[in-house]
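The values are calculated or read from the model by the stated rules, or taken from the named source; none is laboratory data. Everything quoted here is computed from the prediction, not taken from an experiment. Glycine also receives a Cβ, built like all others from the backbone with ideal geometry; neighbour counts cover every protein chain displayed. These accessible areas exclude ligands, DNA and RNA; they are computed on the full protein's heavy atoms, side chains included. Shrake-Rupley method; radii C 1.70, N 1.55, O 1.52, S 1.80 Å.
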Amino acid sequence: MLPKDGVVRSGGHMANPPNSLYASADGVKFHYHDLGEGDPTIFLHGGGPGCTAWSDFGPVAPLFARDRRAILVDILQYGQSDKCTITGPMWDFHAAKIIALLDELGIARADFVCNSWGGTIALDLAAKYPDRVRALVITGSMPVFYGPLAPLPENGHRGRTARDVYYGGEGPTREKMRQLITRLEWFDGDKLPEETLDMRYEQSLDPEEMALAAASDNPRGEWQDLTAELGMITAPVLFAWGMHDAFLTPDYPLMLARMIEHGHLYVMDKASHHLQEERPYDYYSVVTGFLDQQHP
(Lines give C-alpha, C1' and ligand atoms only; values in the text may rest on other atoms or scores of the structure.)
Protein backbone atom coordinates (compact mmCIF):
# COMPACT_ATOMS: atom_id res chain seq x y z
CA MET A 1 0.00 0.00 0.00
CA LEU A 2 1.34 3.41 -0.97
CA PRO A 3 1.79 6.13 1.64
CA LYS A 4 -0.52 9.15 1.54
CA ASP A 5 1.61 10.95 -1.04
CA GLY A 6 1.78 7.88 -3.27
CA VAL A 7 5.55 7.84 -3.45
CA VAL A 8 7.60 4.71 -2.85
CA ARG A 9 10.69 5.93 -1.04
CA SER A 10 13.93 4.67 0.40
CA GLY A 11 14.53 7.03 3.27
CA GLY A 12 12.60 9.89 1.70
CA HIS A 13 13.27 9.74 -2.06
CA MET A 14 12.47 7.12 -4.64
CA ALA A 15 15.75 5.25 -4.71
CA ASN A 16 15.91 4.54 -8.45
CA PRO A 17 14.20 6.00 -11.51
CA PRO A 18 11.94 3.50 -13.30
CA ASN A 19 13.48 3.93 -16.73
CA SER A 20 16.30 5.71 -18.52
CA LEU A 21 15.63 6.80 -22.09
CA TYR A 22 17.53 8.80 -24.71
CA ALA A 23 16.51 10.83 -27.74
CA SER A 24 18.54 12.71 -30.33
CA ALA A 25 17.06 16.05 -31.31
CA ASP A 26 18.57 18.80 -33.46
CA GLY A 27 22.11 17.56 -32.99
CA VAL A 28 22.04 16.92 -29.24
CA LYS A 29 21.20 13.93 -27.06
CA PHE A 30 18.64 14.20 -24.26
CA HIS A 31 18.24 11.81 -21.36
CA TYR A 32 14.75 11.53 -19.88
CA HIS A 33 12.28 9.43 -17.91
CA ASP A 34 8.79 8.67 -19.23
CA LEU A 35 6.06 7.62 -16.78
CA GLY A 36 2.31 7.14 -17.03
CA GLU A 37 -0.23 7.92 -19.72
CA GLY A 38 -2.47 10.87 -20.52
CA ASP A 39 -1.83 14.55 -21.18
CA PRO A 40 1.90 15.04 -21.85
CA THR A 41 3.57 17.02 -19.09
CA ILE A 42 7.22 18.07 -19.37
CA PHE A 43 9.20 18.45 -16.15
CA LEU A 44 12.32 20.65 -16.27
CA HIS A 45 14.63 20.74 -13.24
CA GLY A 46 16.74 23.40 -11.58
CA GLY A 47 20.31 24.45 -12.25
CA GLY A 48 22.08 23.70 -8.97
CA PRO A 49 25.18 21.50 -8.84
CA GLY A 50 24.24 17.87 -9.42
CA CYS A 51 20.61 18.59 -10.31
CA THR A 52 18.85 16.15 -12.62
CA ALA A 53 15.27 15.47 -13.62
CA TRP A 54 15.07 12.63 -11.11
CA SER A 55 16.80 14.39 -8.22
CA ASP A 56 14.33 17.29 -8.49
CA PHE A 57 11.08 15.54 -9.45
CA GLY A 58 11.48 11.91 -8.35
CA PRO A 59 9.34 12.41 -5.23
CA VAL A 60 6.32 13.67 -7.21
CA ALA A 61 6.68 11.86 -10.53
CA PRO A 62 4.59 8.80 -9.53
CA LEU A 63 1.78 11.08 -8.34
CA PHE A 64 1.54 12.88 -11.66
CA ALA A 65 1.95 9.59 -13.55
CA ARG A 66 -1.36 8.35 -12.11
CA ASP A 67 -3.28 10.33 -14.72
CA ARG A 68 -0.68 12.08 -16.88
CA ARG A 69 2.24 11.23 -19.08
CA ALA A 70 5.10 12.62 -17.02
CA ILE A 71 8.28 13.23 -19.02
CA LEU A 72 11.21 14.21 -16.81
CA VAL A 73 14.01 15.71 -18.91
CA ASP A 74 17.66 16.20 -18.01
CA ILE A 75 18.36 19.71 -19.29
CA LEU A 76 21.36 20.04 -21.58
CA GLN A 77 24.62 20.32 -19.61
CA TYR A 78 23.03 18.34 -16.73
CA GLY A 79 22.54 14.70 -15.79
CA GLN A 80 23.02 12.27 -18.65
CA SER A 81 22.09 14.73 -21.39
CA ASP A 82 24.79 16.17 -23.65
CA LYS A 83 27.23 18.61 -22.02
CA CYS A 84 27.30 20.76 -25.14
CA THR A 85 28.73 24.28 -25.24
CA ILE A 86 26.01 26.88 -25.70
CA THR A 87 26.57 29.94 -27.86
CA GLY A 88 24.22 32.87 -28.36
CA PRO A 89 21.27 33.71 -26.08
CA MET A 90 21.05 30.90 -23.52
CA TRP A 91 17.29 30.62 -22.98
CA ASP A 92 16.61 30.74 -26.72
CA PHE A 93 19.07 27.89 -27.23
CA HIS A 94 17.48 25.70 -24.55
CA ALA A 95 13.94 26.49 -25.71
CA ALA A 96 14.69 25.55 -29.31
CA LYS A 97 16.27 22.25 -28.25
CA ILE A 98 13.30 21.35 -26.03
CA ILE A 99 11.00 22.02 -28.99
CA ALA A 100 13.18 19.70 -31.07
CA LEU A 101 12.80 17.06 -28.35
CA LEU A 102 9.00 17.46 -28.41
CA ASP A 103 9.12 16.98 -32.19
CA GLU A 104 11.22 13.84 -31.79
CA LEU A 105 8.76 12.45 -29.22
CA GLY A 106 5.75 13.33 -31.38
CA ILE A 107 4.28 15.77 -28.84
CA ALA A 108 2.44 18.69 -30.42
CA ARG A 109 1.44 20.49 -27.21
CA ALA A 110 2.29 19.95 -23.57
CA ASP A 111 1.99 21.26 -20.05
CA PHE A 112 5.24 22.28 -18.36
CA VAL A 113 6.06 21.87 -14.68
CA CYS A 114 9.40 23.44 -13.89
CA ASN A 115 11.82 24.39 -11.14
CA SER A 116 14.25 27.33 -11.20
CA TRP A 117 16.54 27.11 -14.27
CA GLY A 118 14.05 24.90 -16.10
CA GLY A 119 11.23 27.36 -15.47
CA THR A 120 13.08 30.19 -17.17
CA ILE A 121 13.58 27.96 -20.19
CA ALA A 122 9.85 27.17 -20.23
CA LEU A 123 8.82 30.82 -19.98
CA ASP A 124 10.99 31.71 -22.97
CA LEU A 125 9.63 28.69 -24.83
CA ALA A 126 6.04 29.75 -24.11
CA ALA A 127 6.76 33.20 -25.53
CA LYS A 128 8.54 32.00 -28.67
CA TYR A 129 6.49 28.83 -29.41
CA PRO A 130 3.01 29.60 -28.01
CA ASP A 131 1.24 26.84 -29.92
CA ARG A 132 3.35 24.18 -28.17
CA VAL A 133 2.35 25.10 -24.61
CA ARG A 134 -0.98 24.56 -22.88
CA ALA A 135 -0.16 25.70 -19.33
CA LEU A 136 2.91 26.23 -17.17
CA VAL A 137 3.79 25.86 -13.49
CA ILE A 138 6.94 27.72 -12.48
CA THR A 139 8.82 27.56 -9.17
CA GLY A 140 11.83 29.63 -8.13
CA SER A 141 12.79 30.91 -11.60
CA MET A 142 14.47 34.24 -12.37
CA PRO A 143 13.56 35.43 -15.88
CA VAL A 144 14.27 39.11 -15.10
CA PHE A 145 17.03 40.72 -13.06
CA TYR A 146 15.05 43.16 -10.94
CA GLY A 147 12.41 43.04 -8.22
CA PRO A 148 9.47 45.26 -7.34
CA LEU A 149 10.54 46.21 -3.82
CA ALA A 150 14.29 45.84 -3.38
CA PRO A 151 17.42 44.60 -5.16
CA LEU A 152 17.47 40.84 -5.60
CA PRO A 153 19.63 38.91 -3.10
CA GLU A 154 23.26 39.22 -4.17
CA ASN A 155 22.00 41.12 -7.24
CA GLY A 156 20.49 37.94 -8.61
CA HIS A 157 23.84 36.10 -8.57
CA ARG A 158 23.22 33.93 -5.50
CA GLY A 159 22.92 30.74 -7.54
CA ARG A 160 26.09 31.36 -9.53
CA THR A 161 27.96 32.33 -6.37
CA ALA A 162 26.81 29.14 -4.64
CA ARG A 163 28.01 27.08 -7.60
CA ASP A 164 31.41 28.81 -7.58
CA VAL A 165 31.78 28.21 -3.83
CA TYR A 166 30.75 24.57 -4.17
CA TYR A 167 33.24 23.81 -6.92
CA GLY A 168 35.93 26.17 -5.59
CA GLY A 169 38.44 25.76 -2.77
CA GLU A 170 39.05 22.09 -2.04
CA GLY A 171 36.41 21.18 -4.62
CA PRO A 172 33.07 19.38 -4.17
CA THR A 173 32.42 17.45 -0.98
CA ARG A 174 29.35 15.72 0.37
CA GLU A 175 29.22 18.14 3.29
CA LYS A 176 29.42 21.18 0.99
CA MET A 177 26.50 19.75 -0.99
CA ARG A 178 24.52 19.31 2.23
CA GLN A 179 25.24 22.91 3.22
CA LEU A 180 24.22 24.21 -0.21
CA ILE A 181 20.90 22.35 -0.26
CA THR A 182 19.93 23.05 3.35
CA ARG A 183 20.89 26.73 3.15
CA LEU A 184 19.38 27.59 -0.22
CA GLU A 185 16.91 24.93 -1.37
CA TRP A 186 15.12 23.37 1.63
CA PHE A 187 13.17 25.10 4.39
CA ASP A 188 13.82 22.28 6.86
CA GLY A 189 17.26 20.87 6.13
CA ASP A 190 16.82 18.17 8.78
CA LYS A 191 14.34 16.47 6.44
CA LEU A 192 16.74 16.21 3.51
CA PRO A 193 16.88 12.50 2.57
CA GLU A 194 20.34 10.98 2.46
CA GLU A 195 19.47 9.44 -0.91
CA THR A 196 18.79 12.89 -2.37
CA LEU A 197 22.06 14.22 -0.97
CA ASP A 198 23.99 11.26 -2.41
CA MET A 199 22.29 11.62 -5.79
CA ARG A 200 23.16 15.31 -6.08
CA TYR A 201 26.71 14.90 -4.79
CA GLU A 202 27.59 11.96 -7.05
CA GLN A 203 26.19 13.70 -10.12
CA SER A 204 28.11 16.89 -9.28
CA LEU A 205 31.35 14.89 -9.65
CA ASP A 206 30.62 14.18 -13.32
CA PRO A 207 33.85 15.24 -15.08
CA GLU A 208 32.02 17.18 -17.80
CA GLU A 209 29.90 19.05 -15.25
CA MET A 210 33.03 19.92 -13.29
CA ALA A 211 34.67 21.23 -16.47
CA LEU A 212 31.64 23.41 -17.16
CA ALA A 213 31.76 24.76 -13.62
CA ALA A 214 35.46 25.54 -13.92
CA ALA A 215 34.75 27.54 -17.08
CA SER A 216 32.28 29.76 -15.18
CA ASP A 217 29.34 30.94 -17.32
CA ASN A 218 31.10 31.03 -20.68
CA PRO A 219 29.88 27.63 -21.98
CA ARG A 220 26.32 28.35 -20.82
CA GLY A 221 25.52 30.99 -23.41
CA GLU A 222 24.64 34.67 -23.15
CA TRP A 223 22.36 35.67 -20.27
CA GLN A 224 18.95 36.97 -21.35
CA ASP A 225 16.45 39.20 -19.58
CA LEU A 226 12.94 38.02 -20.52
CA THR A 227 10.95 41.17 -19.71
CA ALA A 228 9.64 41.47 -23.26
CA GLU A 229 8.96 37.74 -23.53
CA LEU A 230 6.79 37.66 -20.38
CA GLY A 231 4.39 40.07 -22.05
CA MET A 232 4.15 37.74 -25.06
CA ILE A 233 3.01 34.67 -23.09
CA THR A 234 -0.64 33.78 -23.65
CA ALA A 235 -0.70 30.40 -21.88
CA PRO A 236 -1.89 30.39 -18.26
CA VAL A 237 1.03 30.39 -15.81
CA LEU A 238 0.96 29.43 -12.15
CA PHE A 239 3.90 30.63 -10.10
CA ALA A 240 4.06 28.14 -7.20
CA TRP A 241 6.49 29.66 -4.72
CA GLY A 242 7.99 28.88 -1.34
CA MET A 243 7.27 31.45 1.34
CA HIS A 244 10.92 31.17 2.37
CA ASP A 245 12.61 30.91 -1.04
CA ALA A 246 16.25 31.86 -0.44
CA PHE A 247 16.73 33.27 -3.93
CA LEU A 248 13.55 35.25 -4.60
CA THR A 249 10.96 36.34 -2.03
CA PRO A 250 7.24 36.07 -2.99
CA ASP A 251 7.00 39.72 -4.05
CA TYR A 252 9.09 38.71 -7.07
CA PRO A 253 6.70 36.09 -8.55
CA LEU A 254 3.77 38.39 -7.82
CA MET A 255 5.45 40.91 -10.07
CA LEU A 256 5.95 38.22 -12.72
CA ALA A 257 2.31 37.11 -12.50
CA ARG A 258 1.20 40.67 -13.18
CA MET A 259 3.46 40.86 -16.25
CA ILE A 260 1.75 37.83 -17.84
CA GLU A 261 -1.73 37.92 -19.37
CA HIS A 262 -2.96 34.90 -17.41
CA GLY A 263 -0.60 34.89 -14.44
CA HIS A 264 -1.43 33.28 -11.08
CA LEU A 265 0.49 32.99 -7.80
CA TYR A 266 0.38 30.38 -5.05
CA VAL A 267 2.68 30.71 -2.02
CA MET A 268 3.37 27.61 0.08
CA ASP A 269 4.23 27.97 3.75
CA LYS A 270 7.20 26.18 5.33
CA ALA A 271 8.88 25.67 1.97
CA SER A 272 11.87 27.18 0.20
CA HIS A 273 13.17 26.58 -3.33
CA HIS A 274 12.25 22.92 -3.89
CA LEU A 275 8.55 22.65 -3.03
CA GLN A 276 8.16 19.47 -5.04
CA GLU A 277 10.71 17.68 -2.87
CA GLU A 278 9.93 19.20 0.51
CA ARG A 279 6.15 18.77 0.29
CA PRO A 280 5.46 16.47 -2.67
CA TYR A 281 1.80 15.67 -1.99
CA ASP A 282 0.86 19.30 -1.34
CA TYR A 283 2.77 20.41 -4.42
CA TYR A 284 1.09 17.77 -6.57
CA SER A 285 -2.35 18.75 -5.29
CA VAL A 286 -1.90 22.44 -6.10
CA VAL A 287 -0.24 21.86 -9.47
CA THR A 288 -2.60 19.20 -10.79
CA GLY A 289 -5.59 21.27 -9.63
CA PHE A 290 -4.31 24.22 -11.66
CA LEU A 291 -3.51 22.14 -14.74
CA ASP A 292 -6.91 20.44 -14.65
CA GLN A 293 -8.60 23.86 -14.73
CA GLN A 294 -6.85 24.74 -17.95
CA HIS A 295 -8.43 22.20 -20.29
CA PRO A 296 -9.95 24.10 -23.24
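Counting only strands (runs of 3 or more DSSP E) that sit completely within region 14-53, those holding 1 or more residues that are open to solvent by 50 Å² or more (accessible area, probe 1.4 Å) and in contact (Cβ under 8 Å) with a residue 60 or more places away in the chain correspond to 21-25, 39-44.
Of the strands (runs of 3 or more DSSP E) lying entirely inside region 199-296, those carrying at least 3 residues that are touching a His at 6+ places or on another chain (Cβ under 7 Å) are 237-242. Would you call E175 touching a Ser or Thr at 6+ places or on another chain (Cβ under 7 Å), surrounded by fewer than 21 Cβ atoms within 10 Å (Cβ to Cβ) and either under 24 Å from Y283 (Cβ atoms) or without any contact (Cβ under 8 Å) to a residue 40 or more places away in the chain (or both)? Here the answer is no, as E175 does not meet what is asked. Residue-level analysis places T196 outside the set of residues that are of a type in the set (V, I, T), in contact (Cβ under 8 Å) with a residue 60 or more places away in the chain and open to solvent by 30 Å² or more (accessible area, probe 1.4 Å).
I want to confirm something. Restricting to region 244-296 and keeping residues that are without any contact (Cβ under 8 Å) to a residue 24 or more places away in the chain and among the small types (G, A, S), which single residue is least open to solvent (accessible area, probe 1.4 Å)? Filtering first and then ranking leaves A257. When the residues of region 209-240 are filtered to those that are open to solvent by 50 Å² or more (accessible area, probe 1.4 Å) and modelled with pLDDT of 95 or more, the one that is nearest to K128 (Cα to Cα) is M232.
Within region 118-132, residues that are touching a residue at least 12 places away in the same chain (Cβ under 8 Å) and over 21 Å from H274 (Cα atoms) sit with their Cβ atoms under 8 Å from residues that are open to solvent by 10 Å² or more (accessible area, probe 1.4 Å) and of a type in the set (K, R), at 6+ positions apart or across chains, in these pairs: L125/R132; D131/R109; R132/R109.
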